[in-house]
1. Mind listing just one residue for me: the one in segment 190-204 that is over 12 Å from the mean Cα position of the chain (by Cα) and modelled with pLDDT of 90 or more and, of those, nearest to Q60 (Cα to Cα)?
2. Hey, Y46 hits all of (1) crowded, with 19+ Cβ neighbours inside 10 Å; (2) of a type outside the set (A, V, I, L, M); (3) at pLDDT 80 or above but one; which does it fall short on?
3. Among the residues of segment 265-279, how many are touching a residue at least 12 places away in the same chain (Cβ under 8 Å) and either open to solvent by 50 Å² or more (accessible area, probe 1.4 Å) or among the aliphatic types (A, V, I, L, M) (or both)?
4. Of all residues in segment 193-203 being touching a Lys or Arg at 6+ places or on another chain (Cβ under 9 Å) and small (G, A, S), which is most open to solvent (accessible area, probe 1.4 Å)?
5. For segment 204-220, which residues satisfy the criterion of being polar (S, T, N, Q) and either in contact with a Phe, Trp or Tyr (Cβ under 7 Å, 6 or more places away or on another chain) or surrounded by 24 or more Cβ atoms within 10 Å (Cβ to Cβ) (or both)?
6. Among the candidates K294, K287, single out the residue that is part of a helix (DSSP H, G or I), within 14 Å of L191 (Cα to Cα) and modelled with pLDDT under 95.
7. Those residues that are surrounded by fewer than 20 Cβ atoms within 10 Å (Cβ to Cβ) and either among the small types (G, A, S) or within 23 Å of A144 (Cα to Cα) (or both), I need them from segment 94-112; list them, please.
8. Name the single residue, out of those in segment 65-93 being among the polar types (S, T, N, Q) and without any contact (Cβ under 8 Å) to a residue 40 or more places away in the chain, that is nearest to A147 (Cα to Cα).
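The values are calculated or read from the model by the stated rules, or taken from the named source; none is laboratory data. The structure displayed is predicted, hence computed values, not measured ones. Every residue, glycine as well, gets a Cβ built from its backbone with ideal geometry; the counts of neighbours run over all protein chains shown. The accessibility values were calculated without ligands, DNA or RNA, using every heavy atom of the protein model including side chains. Shrake-Rupley method; radii C 1.70, N 1.55, O 1.52, S 1.80 Å.
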Amino acid sequence: MCCLYTSAVHGLGLVALAQADETSDKSPPETEVAAVETTSPVVASYKREQAVMQNDAYKQFIKLQVSLATGTKNALGISSYAEAHAHYCALAAETRDPDAQFAMGWFYSMGKGVEVNHDIAARFFSLAAIQGHRDARIWLDQGAGDASAAKLPACMQNQGQSAAEVLFRKRGPIYTLVKKHAPAYGVDIDLAMAVIAVESGFNPKATSRKKAQGLMQLLPETQARFHVKDAYDPEQNIKGGLSYLRWLINYFDGDVERVVAAYNAGEHAVSRHQGIPPYPETRDYVKRVARYYKKKHHEIRQTAAMRDGQSPAANS
C-alpha cells in the first residue's frame, strides 16, 4: 500500500490516493509485517496498526490531502494547506506522533502551506522513520534534503508558551466550537480543551476499545443521558461532553482533580475512594489533563445550561 500512496502524493493523481485509502484496512503480506516489526525495538513498538494501515491519524491525513486538493469538507474542519501545516506542526510538537511528523515532512517536501525546504522535510521524515513509519523511510531515501542542516520551524518550539497555550492555539475549528458552547454550560474553555486533547487528540472520529466515541469520548450510555444523537458530530459531541463536565463540577463542588478523575473512571469510583481512584489509567489521565489545565478549583456557575437526571456513566 505504501508504494501506491507514495506515488499518489508525488503527483500521479488523486484517484491513486483515494484507492490507497480505500485499501488501507487490508493487511499486507505477513512477510511485510514481519519486516516492519523486527527491524528494531523502536519499530516494533510502533505496533501492528501502522503496518496494516489502521492508524486513524494516518488515514485522516490521507483523506485531508484529498479534501484540500478537491475543495471538499474534511473531519478536521481544515480549509487550507496553511491551516493543515499549523495543525500537524502543533501535533508533532506536542505528541511526537510519527504520523504528524510524516505530514510535516510532506508539507515541506511538496511546498504545501509553506515554502519548499527539503532539509526540513528530511528532518521530519527522519524523526518519523526512527519510529518505524514506512512511508517516511521511503521519502527519506528518495529525498535530496540534509536532515542535519535543518532547523525546525517555530511552531515546533514552545517559545516560552505554556503547554495549554500551544495546544489551544493550534485547534481553530474545534476551539471555535468549544468557545461557542462552553460559557453556556459554565465550563472553562481551557478545561474542555484539555479534556478533548487527552481523550481523543482532537480526532472527531476516535473510538476507544470501550466504545467511547468522538472528541470527548462519550460512551453510548452517556450519549443517551445527554441526548447526543451522533457522537461523531463535533458540535453534538462537545455539547454532550460539556453537559457531563458541568454535572461533575456541581457534583464535586468544583474540585478539578475529582472532576477529571470522574470523567475517566466514573463519579461512583471517585466517591467510593474519596478522591482519585487507585487505578493507574485514571491517575495518569488526571496528570495528563493537569499538564494543560493548572487550576485546582473550577467556579460553580449556577446559571449555566445543564441537563438534569440520573448519574451518567464514565466516558473512557
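1. Filtering segment 190-204 down to residues over 12 Å from the mean Cα position of the chain (by Cα) leaves 190-192.
Then keep just the ones that are modelled with pLDDT of 90 or more; that gives 191-192.
Working: L191: 26, A192: 23 Å.
This residue is A192.
2. Y46 satisfies every listed condition except (3).
3. 6
4. As a first pass, look at segment 193-203 and keep what is touching a Lys or Arg at 6+ places or on another chain (Cβ under 9 Å): 193-194, 196-198, 202.
Then keep just the ones that are small (G, A, S); that gives 194, 197.
Numbers: A194: 0, A197: 16 Å².
Restricting to residues being touching a Lys or Arg at 6+ places or on another chain (Cβ under 9 Å) and small (G, A, S), the top hit is A197.
5. Q213, Q217, listed by residue number.
6. Details: K294 fails: part of a helix (DSSP H, G or I).
Result: K287 is the single residue among K294, K287 that is part of a helix (DSSP H, G or I), within 14 Å of L191 (Cα to Cα) and modelled with pLDDT under 95.
7. Hits for segment 94-112 are M110, G111, K112.
8. The extreme case among them is S80.
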